[in-house]
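Novice: Let me begin by handing over the structure; questions about it come next.
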Amino acid sequence: MTSDQWDLVLGSLGPITGGAIRGTIPLALASFAGGMVIAVAVALMRLSGRRLVAALARGYVSLIRGTPLLVQLFVVFYGLPSLGLVIDPWPSAIIAFSLNVGGYAAEVVRAAILSVPKGQWEAAYVIGMARPTALRRIILPQAARVSVPPLSNTFISLVKDTSLASLILVTELFREAQKVAAFSQEFMLLYLEAALVYWVICLALSTGQGVLEKRLDRYVAH
Amino acid sequence: MSPTDPGAGRAADGPALLAVTGLRKSFGTHEVLRAVDLTVHTGEVVAIIGASGSGKTTVLRCLNGLEVADAGRVEVHGSLAVDFATSPDRRQLNALRDRSAMVFQHYNLFPHKTVLENVTEGPIVVQRRPVREAREDALALLARVGLADRADAYPFQLSGGQQQRVGIVRALALRPDLLLFDEPTSALDPELVGDVLTLMRDLAAEGWTMVVVTHELQFAREVAHRVVFLDEGAVLEEGPARQVLTDPAQERTRQFIRRLLHPL
């Protein structure tokens, strides 16, 4: 590598990590939070025992999993304006990613809730709890432990998927890399650099997952 | 740790604490309970015995609404609490449930909560009692069953016998009128059964009203005032514990007891 190329890499590290800090990471966090709210709601709908409600939830999951994320993103940002609904890039991205994560995580949450033994519900009822309290205080905390590994997967995928937001004009990690690449014509270098930064973020997340799992495992026999 | 009237034994006067009539329950086409009647007076210990599949546990679970019977009336202190035939709403079932507390065969402690939190969860979160008072109560109850030093342990760190004693303390902490025990020693290693039975005998002596589904015939004979023998979903025989267990009127009861005492 020439010294010019080194300078380019070092010089672009600023804008690229800036894109990560101001774009990728907040976008992923906001979308994951929104997605989890949707996921719990959809999981509870599927478990509600009401056929219409459960069918609605199933339909949602099927639709999200059966269509490409890029298409979902484009429908929200480029499609809705033709119905008179114009949404800015950032909210568009958060809406699309949240809906997407919600569809995938709903299945994880549902399975995790079902994995808690029936006796836990009964013990909660017997001490006088109603269903919502039992869910909140007894069932979900136990379901959370089971769902950390699969939800971490979802979150890590989401972090990488946010690169798609560059296609709807959100300034994030990958878009910053693209800008420098287009300007300098050093595509290989800049895209590898972007990949490396994604990798570092995901390594940090994996470490976080390990810590969280260990913490939630403190009440389980080994 | 004082129920209504310590050492009262059986107060047979006045309306029963709990009177169940015509309890029926089917799971699909399988009829589990066919018209079971059961009366429990304050301070009384009733043991329900019977072969597995006879419906013992289902009766117990109908008494607190964990299972919704198809038909049958439950009266509490002489007034109608739940009529299962009219598909009771949740409010009625909750009112019934609030009178009792249940001890499970598999303890069902909350694994993500400490021993102390398991015991105080109901009093604090549901009954909204002051946190300090609930804690002190719980610690006193734990001390009573010899587990004060395990208050901050998690359930997985306890033996089965200890877990079941916590299960009993969790029930007591709710200050219920009625304690329901669903085969409380069946999941325990034999050498741990004694601790739990001793505790239950002490509770009976203090006058707690108890309905116990059990295979422990010796416990039933020594502690229960009355034994109910359930066979294929119906009460085949009931009466004073000693009489039913040593000189049953029905051949079927005799067989069952013999098989339990002499398995080989």
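Novice: Within segment B:122-143, how many residues turn out to be over 28 Å from B:Val40 (Cα atoms) and within 9 Å of another protein chain (Cβ to nearest Cβ)?
Specialist: Total satisfying the criteria: 1.
Novice: Residues that are more than 23 Å from the chain's Cα centre (by Cα), at least 2 per element: which helices (runs of 4 or more DSSP H) completely within segment A:84-199 meet that?
Specialist: Fully inside segment A:84-199 and qualifying: A:118-126, A:173-184.
Novice: Quickly run through segment A:120-142 and pick out the residues that are surrounded by fewer than 15 Cβ atoms within 10 Å (Cβ to Cβ) and not aliphatic (A, V, I, L, M).
Specialist: If the condition is that a residue be surrounded by fewer than 15 Cβ atoms within 10 Å (Cβ to Cβ) and not aliphatic (A, V, I, L, M), then A:Arg131, A:Pro132, A:Arg136 are the ones that fit.
Novice: Take the residues of segment B:186-207 that are touching a residue at least 24 places away in the same chain (Cβ under 8 Å) and among the small types (Gly, Ala, Ser): which is nearest to B:Thr42 (Cα to Cα)?
Specialist: Checking each candidate, the answer is B:Gly207.
Novice: Let me ask something else about it. Restricting segment B:101-120 to residues that are polar (S, T, N, Q) and farther than 13 Å from B:Pro184 by Cα, which is surrounded by the fewest Cβ atoms within 10 Å (Cβ to Cβ)?
Specialist: Only one residue fits best here, namely B:Thr114.
FYI, it's all coordinate maths here, none of it is from the lab. None of these values were measured; they are calculated from a predicted model. So basically every Cβ, Gly included, is an ideal-geometry build from the backbone, and we count neighbours across all protein chains shown.
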